[in-house]
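Novice: Once you've had a glance at the structure underneath, I'll fire off some questions.
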Amino acid sequence: MTTPALPPDAPVGIFDSGVGGFSVLRHIQAQLPHEHLLYFADTSFAPYGDKPEHVVIERVLAVAGYLAAHRVKALVVACNTATVAAVRVLRARYPEMPIVGVEPGLKPAAAATRTGIVGVLATERTLAGEKFLLLRDQIHQAHGARFLLQPCVGLADQIEFGAGDTQALEAMLQRYIAPLLAQGADTLVLGCTHYPLVQASIEAVIGQHTAAEVMLIDTGDAVARQLARLLGAAGLLRAGDGQPARLDGFTSASAAALTAAFSTLLGQDPPVHEVEASLSRPGSATPHI
Ligand code: DGL
């Protein structure tokens, strides 16, 4: 058990390169309705998935530093790319802080597949990450499932910035999903937190290729459960006081865009704060790394 460094009333910090982390946030809100939450969309730096690992690590440390300066009691890395690249470095930097990452759900996929063939949709950076490849090898050895890795170049961007262009989205989904189904995959891992946000479009594309059931694996629910476990173990769960918990949005790009995304994707209207892309710490003009 860690020594609580901050009171249970402190917020939980959640971040992603953009709105992808909403697919995790909605589970956290459902499971932990009393927690104050601070959601950071690092949109000025998106996408993370096509950047070299050391660049992602440096940026993730900067975002985490920004959130730590806002006195978050725990961190949720609501981004597979950032988790695979940087969660180890983050844990070393903040050894006292509960930190939950998101990784592609290879284990649940291996348990679900009947054909033994699993397609993994994720960013290039996630699929090239040493941590991910180790996990893939471990699960393959333990369960015998075969994983077809499909880097989805541009897909997170299309979801983030595509302004509801359903034709462009569908064309991209066709390109990435059809070959996996043709090779016998009956289970698809949504290995980027942006992808569950377009689950209906993914299901529609699958339906054009097969009448058989194809399982979609998203780990947002499991991440929220892990956060609840870690907060509980650290004595950091916030008791409800009858008041609704706070949610604050932060973005390194446009507040109007994040406000619109909160409304469209989650039906929520939290206060949204714009942060300089250099991620100066609150109350300081010095960029922090
Ligand atoms: N949402 C992020 C993930 O889960 C990726 C998006 C990006 O490339 O920035 O991997």
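Novice: With charges set only on the Cβ (+1 for Lys and Arg, -1 for Asp and Glu), what does the dipole of the chain come to about its Cα centre, in debye to the nearest 20?
Specialist: 780
Novice: Also, quick follow-up: Rounded to the nearest 20 debye, what is the charge dipole size of region 4-77 about its Cα centre when +1 sits on each Lys and Arg Cβ and -1 on each Asp and Glu Cβ?
Specialist: That gives a dipole near 140 debye.
Novice: Moving to a separate point now. Which lysines, if any, have their Cα less than 18 Å from the Cα of K107, not counting same-chain residues under 8 positions apart?
Specialist: K131
Novice: What is the packing order of peptides 242-248, 101-107, taking the mean over residues of other C-beta atoms within 10 Å and listing the highest first?
Specialist: Descending packing order for the listed peptides: 101-107, 242-248.
Novice: What does the convex hull of the Cα atoms of region 72-178 come to per residue, in Å³, rounded to a whole number?
Specialist: 129
Novice: Please determine, in degrees from 0 to 90 and to the nearest 10, the orientation of helix 220-233 with respect to the longest principal axis defined by the Cα atoms of the chain, where the helix direction is its Cα long axis.
Specialist: Long axis of 220-233 versus the principal axis of the chain: about 40 degrees.
Novice: A further question on this structure: Work out the charge dipole of the chain with +1 on the Cβ of Lys and Arg and -1 on the Cβ of Asp and Glu about the Cα centre, then indicate which of Q183, P270, Q208 is farthest towards its positive end.
Specialist: The residue sitting farthest along the positive end of the dipole is Q183.
Novice: Okay, next question. Please compute the net charge surrounding R114, taking Lys and Arg as +1 and Asp and Glu as -1 over other residues with Cβ under 12 Å from its Cβ.
Specialist: -2
Novice: Let me ask something else about it. Taking every pair of distinct Cα atoms and averaging 1/r, then inverting, what Kirkwood hydrodynamic radius in Å comes out for the chain?
Specialist: Computed over the chain, the radius equals 19.3 Å.
Novice: Could I ask something else about it? Once you've got the GNM for the chain with C-alpha springs shorter than 10 Å, pick whichever of G116, G220, G162 has the biggest mean-square fluctuation.
Specialist: Sorting by GNM fluctuation, first place goes to G162.
Novice: Counting helices only, and only those DSSP H runs with n ≥ 4, report the 222 nm mean residue ellipticity of the chain as the sum of -39,500 (n - 2.57) divided by its residues, in deg cm²/dmol to the nearest 500.
Specialist: -12500 deg cm²/dmol
Novice: Take every Cα pair under 8 Å in the chain that's 6+ residues apart, average their separations, divide by the length, and report that relative contact order as a whole percent.
Specialist: Relative contact order, the chain: 28 percent.
Novice: Turning to a different aspect of this structure: Counting Lys and Arg as +1 and Asp and Glu as -1, each charge on the Cβ, what is the dipole of region 108-238 about the Cα centre in debye, to the nearest 20?
Specialist: In debye, rounded to 20, region 108-238 gives about 480.
Novice: Among V153, L135, A168, whose Cα lies farthest out toward the positive end of the dipole of the chain, if unit charges sit on the beta carbon of Lys, Arg (+1) and Asp, Glu (-1)?
Specialist: Checking the options against the dipole of the chain, the answer is L135.
Novice: May I ask for the equivalent-ellipsoid semi-axes of region 177-276, computed as the square root of five times each C-alpha gyration tensor eigenvalue and listed largest first in whole Å?
Specialist: Taking √(5λ) for each eigenvalue gives 34, 21, 12 Å, largest first.
Novice: A further question on this structure: Among A85, A171, A68, which one shows the biggest mean-square fluctuation in a GNM of the chain, springs joining Cα atoms closer than 10 Å?
Specialist: Highest fluctuation among the options: A171.
Novice: Let me understand region 1-100 better: what is its radius of gyration from the alpha carbons, and its Dmax, in angstrom?
Specialist: Gyration radius and largest Cα-Cα distance of region 1-100: 12.9, 37 Å.
Novice: What does the net charge come to around A168 if you take all other residues with beta carbon closer than 14 Å to its beta carbon, with K and R at +1 and D and E at -1?
Specialist: With Lys, Arg at +1 and Asp, Glu at -1, the net is -3.
Novice: Let me check I've understood the local charge: for R88, count other residues with C-beta under 13 angstrom from its C-beta, Lys and Arg +1, Asp and Glu -1. What total comes out?
Specialist: Value of the local net charge: 0.
Rule-based calculations on the coordinates, nothing more; no lab input. Since this is a predicted model, take the numbers as computed values, not measurements. Glycine gets a Cβ as well: all are built from the backbone with ideal geometry, and neighbour counts include every protein chain shown.
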